[in-house]
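Below is one structure, written out as structure tokens; comments come after it.
All of the numbers you see were taken from the coordinates with simple rules; none came from a lab. All of these numbers come straight from a predicted model, not from anything done at the bench.
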Amino acid sequence: MDLLHVALTSSSEDRADGFYVDLLGLKKAEPKVLAAEISRAIFGIGHELTVINYTGGAAHFEVFVCRAAPTPAGHIEHACIAVENLPEFLRRCEKVQVEIIRVPKGESLITFIKDADGNLFEIKEKQEGPAAVALAALLPGGVGFARGGQVGEKGKDTLHESP
């Protein structure tokens, strides 16, 4: 099985561009419109929706622009992405004022960020080799995690010590 895309919402195209293009460095496709009848049949939303695809490498986010983006308290839906250099990525997040959430888990920290619309992203540093892939497949990525404040301290993520 292959994961083809992750669909999330944003309250505006500008906010989506700021996060997916400016922070994550993804390429933006031309926005498309999902007809109201299709939106109603699939999502129970009775109006047209703008849909924007952001891609890069194996990442593909399908972002639905909803003026009133749903932000349920305590949601656990999230996407997990791997970055080349976790400390550098977190510095970029701080620079553009993206919320960083670090939660202790045993001797390590689980790292999440939250975009301006409340979508959660678990952040891991890319690992090399088949052992890292096997380890990542065995670890529960964010199981039982809910929204919360920043806790813990910089230093470790789920898989390894950060420099």
Per the rule of 0.36 nm per residue minus the C-alpha distance, extending E94 to H60 adds in nm 9.9 nm
Relative contact order for the range 6-65, counting Cα pairs under 8 Å that sit 6 or more residues apart, in percent: 39 percent
Residue separation times 0.36 nm, minus the C-alpha to C-alpha distance between H5 and L34: what's the value? 8.8 nm
